[in-house]
């Protein structure tokens, strides 16, 4: 009959390793970590293997010797995987950046977080896109639209990773800017085309799926002609952006609002000029 202790090893969803011991003789047993393949201290706490060094991450193989009072023993080799701790204290500071449109097109996003003792480096993602891997505890995203989650992941030894610390963007739509037009016109001037191409460069650095173009007019003319003209203006903006963003799979939604949504009074020449516009929005 078996006289050696029977050892079972289990691993939970968080990677914690626990040993369970059954002695066929019903005798008390003693479990001891007798060796490791890396210079790190491992102990057994309430049946769970615990790495005592808070700066360690990665894989380590340990040998556990389980003995009973009769002097019989069982030796098992167990691989532990220690992931880095998730980054804490992740904060973001944003400095708005103006372009030649009438509104804000992007921002300088300054990220910072607390140092993780058992991390080797950090990975920063903007949406699903990896933007950097760094050993620093801060990073700046310049000229982007903060419309997707920003994640910081701690990287450890042997390819280990932490869970992500995630910053969610505002649930509100983002106005990238607007372009103005002359009276009864829908053609873009050279300055507006250049501003749209500059905006496209910011969109390329961001994680954008859909752009909504909202066309507007002043109050002069019929409702039918205002809707028609506002659509022509939105299409003119789409043509420039679509050319600059070709191949990215970005979809455009045209909304012709006519004179229904003014941003200024239609009683003055200046106010009507401001209302003749296309708003560029991320939903």
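For the range 11-51, what class follows from the C-alpha gyration tensor (a ≥ b ≥ c being the square roots of its eigenvalues): rounded when a/c is under 1.5, otherwise prolate if a/b is larger than b/c, else oblate?
Numbers: a/c = 2.86, a/b = 1.45, b/c = 1.97.
Oblate is the answer for the range 11-51, as a/c is 1.5 or above yet b/c matches or exceeds a/b.
Compute the helix-to-body angle for 223-244: its Cα long axis versus the longest principal axis of the chain, expressed 0 to 90° and rounded to tens.
50 degrees
Over the Cα atoms of the range 119-253, what Rg and Dmax result, in angstrom?
Every Cα atom of the range 119-253 included, Rg and Dmax give 19.9, 69 Å.
May I ask you to list the residues of the range 219-252 whose amide nitrogen lies under 19 Å from a point 7 Å from Cα along the Cα→beta-carbon direction of residue 209?
Label zone hits: 246-252.
With the chain treated as a Gaussian network of Cα nodes joined by springs under 10 Å, which of 36, 154, 226 yields the largest mean-square fluctuation?
Among 36, 154, 226, the largest GNM mean-square fluctuation belongs to 36.
Calculate, in nm to one decimal, what residue 157 and residue 136 gain on full extension: separation in residues at 0.36 nm each, minus their alpha carbon distance. Intermediate values should be presented prior to the final figure.
Working: separation 21, 0.36 × 21 = 7.56 nm, distance 1.65 nm.
Gain on stretching residue 157 to residue 136: 5.9 nm.
So what's the back-of-envelope 222 nm ellipticity for the chain, counting only DSSP H runs of four-plus at -39500 (n - 2.57) apiece and dividing by all residues, rounded to 500? Please report the intermediate quantities before stating the final value.
Values: 3 runs with 45 residues, N = 283.
After summing the helix terms and dividing by residue count, I get -5000 deg cm²/dmol.
Counting other beta carbons within 10 Å of each Cβ, put 94, 235 in order, fewest first.
Details: 94 13, 235 17.
Placing the least packed residue first, the sequence is 94, 235.
Would you mind calculating the gained length between residue 263 and residue 81 on full extension (0.36 nm times residue separation, minus the Cα-Cα distance), in nm to one decimal? Walk me through the numbers before you get to the answer.
On the way: separation 182, 0.36 × 182 = 65.52 nm, distance 5.85 nm.
Separation in residues times 0.36 nm, less the Cα-Cα distance, equals 59.7 nm.
Springs between alpha-carbon atoms under 10 Å, Gaussian network over the chain: tell me which of 184, 25, 175 tops the mean-square fluctuations.
So, out of 184, 25, 175, the one fluctuating most is 25.
Mind checking the alpha-carbon convex hull of the range 27-162 and giving the volume per residue in Å³?
On the way: hull volume 15.6 nm³, N = 136.
Cα convex hull per residue, to the nearest whole number: 115 Å³.
For residue 223 and residue 243, what is the calculated FRET efficiency with R₀ set at 30 Å and r taken between the beta-carbons, to the nearest 0.05? Write out the running numbers ahead of the final one.
On the way: r = 31 Å, r/R0 = 1.04.
Plugging the Cβ-Cβ distance into 1/(1 + (r/R0)^6) gives 0.45.
Please check: in the Gaussian network model of the chain (C-alpha springs, under 10 Å), which one of 115, 52, 69 has the largest mean-square fluctuation.
69
Principal axes first, then extents: for the Cα atoms of the range 1-79, list largest minus smallest coordinate on each axis, whole Å, largest first.
Sorted largest first, the three principal extents are 43, 26, 17 Å.
By how many degrees, between 0 and 90 and to the nearest 10, does the Cα long axis of helix 190-205 differ from the longest principal axis of the chain?
The answer is roughly 10 degrees.
Taking R0 as 45 Å, what's the FRET efficiency between residue 128 and residue 187 from their Cβ-Cβ distance, rounded to 0.05? Can you show the working numbers first?
Numbers: r = 38 Å, r/R0 = 0.84.
Efficiency for this residue pair is about 0.75.
Set the Förster distance to 25 Å, then compute FRET efficiency between residue 40 and residue 6 from the Cβ-Cβ distance, nearest 0.05.
Working: r = 27 Å, r/R0 = 1.10.
E(calc), rounded to 0.05, equals 0.35.
When all C-alpha to C-alpha distances in the chain are sorted into bins of 5 Å, what percent of pairs does each bin hold, rounded to whole numbers?
P(r) for the chain, in whole percents per bin: 1, 5, 10, 11, 10, 9, 7, 7, 6, 6, 5, 5, 4, 4, 3, 3, 2, 1, 1, 0, 0.
Read-outs: derived from the displayed coordinates by stated rules, not from any lab. Fair warning: this is a prediction, and the values are worked out from it, not measured in the lab. Cβ: placed from backbone, ideal geometry, glycine included. Neighbour counts: every protein chain shown.
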